[in-house]
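Nothing in this text is a laboratory measurement; each read-out follows from the coordinates by a stated rule. On a predicted model such as this, the values are computed, not experimentally measured, just so you know. Don't worry about glycine lacking a Cβ; one is built from the backbone with ideal geometry, like all the others, and counts go over all protein chains shown.
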Amino acid sequence: MKPLICSLLILPLLNLSSLQADSTKNLDKVLEDAIYLETTTPQVHLSGYVDAGYIYNFTGTAAPQSSYGTDTNAQGEFNLNAVKLVLEKALSEENSFQAGFRVDLMLGEDAGALGANTAAAGSSDTFYLQQAHVLIRLPLGNGLDLQVGKFGSILGYEADERPANLNITQGFNASLDPGPSVGILASYPLNEQISLIGGLINGNGQDSNVGLDNEGDGYALTGGLSLTHPSAKAETQLTYHYAPWGDSGFAQVEDESLLGLNWWGNWSPLCCNDKLLLAFNASAWFANDFNTPGAGGNDDSSSFYTAALYAKYQFNSLFSLAGRTEYAHNDDNNLLALPGRSIGFSDDVFSWTTTAGFNLTEELLFRLEYRADLGTSVISDANGLSGDTAHRASAQVVYTF
């Protein structure tokens, strides 16, 4: 591109003596065109974060604790939670035919918990290709956006990335939120406030189609509706995950339907000048004659419900305080297959979490957290079920770039 610009600049100068009175305007036009071409070259952006911390379970044993949630740390443990890199060429706001891409790479212990297959869970050497998809905008109506490849699930309020959430540890609702899968996902804005989402994927966290019926088909349907208030201070999303032939990503082994529903919303009241954020999340999962390897070959229907309330207040540019209260009901233990619990085991669990955040710089975040889970046998250790209350303290430091 640079030699082309030089040519465009030099040639008019060689013939300057023969130009008419408007030659200056012509030269300016050439310069403008050359600079325009140079500055609109598509750019690929790199971003990400480094997340490390410490989690301590007050359970009196060094064995891993289920604590009913998604964090299964030992009694006390330093963690390289994640190193994440994002390569992206985003689409512009223009409603025209255009293309881009996004690739998310994650290393660390969270990568293993999310389903990476290069190292055991708990290893900081674990590598995970979290997302890799092509972005396409078709100028149909208001613009149809497509993601083709591997992308994250549209279900759930809490993200896979800890720094993106209001709390360090994930809630019960994340236990059954589907993981990234390969497929195609479409999004279409009906207007500035309402968008429709729909897609076809291989299944929960599935890169390939591992079908459960006689034909080997294991596809899942996903979709939903997104609503945004005209003030942009409130939004909500209703979504579903439906696997008509079962979903091997949930350790299902039979051709039986599986349905998951999720509804979340958040609101920043105008009266609080963007300092207060309120949110909720509710999930419900239903399975017919669900059978997992850990279920001892027994078929039974199974369901799982969660409801969570969130709040965060930003006192100043340095300090914030966030809270989460949550309830979960596990029916029959087929869907979750929690360790130490028999099939037919049903329980109700409550959780309270408080997180203090310190934005030390624009890029550096430090957080402290306390969490308590209460219910029926929420702790599972090497000796089986051993307690109805689990307490946990966490610390986290994150650098974002």
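The 3J(HN,Hα) values that the Karplus relation (6.51, -1.76, 1.60; θ = phi - 60°) gives for the stretch 254-261 are, in residue order, 10, 7, 9, 5, 9, 10, x, 10 Hz. Gly and Pro appear as x. Per-residue 3J(HN,Hα) values for the stretch 193-210, derived from phi via the Karplus relation 6.51 cos²θ - 1.76 cosθ + 1.60 with θ = phi - 60°, read 10, 10, 10, 9, 10, x, x, 10, 10, 6, x, 4, x, 9, 7, 10, 7, 10 Hz in sequence order (x marks Gly and Pro).
Panel order for GLU161, GLU109, by other beta carbons found within 10 Å of each beta carbon, from fewest to most: GLU161, GLU109. Sorted ascending by nearby beta carbons within 10 Å, beginning with the fewest, ASP247, ASP51 become ASP51, ASP247. Distance between the modelled labels on GLU94 and ASP348, one decimal in nanometres: 5.8 nm (7 Å Cα→Cβ projection). A simple count of charges around LEU135, restricted to other residues whose Cβ falls under 15 Å of its Cβ and scoring Lys, Arg +1 and Asp, Glu -1, yields -1. When the C-alpha to C-alpha distance is required to be over 20 Å, the pairs from LYS84/LYS150; LYS89/LYS233; LYS233/LYS275; LYS233/LYS312 that qualify are LYS89/LYS233.
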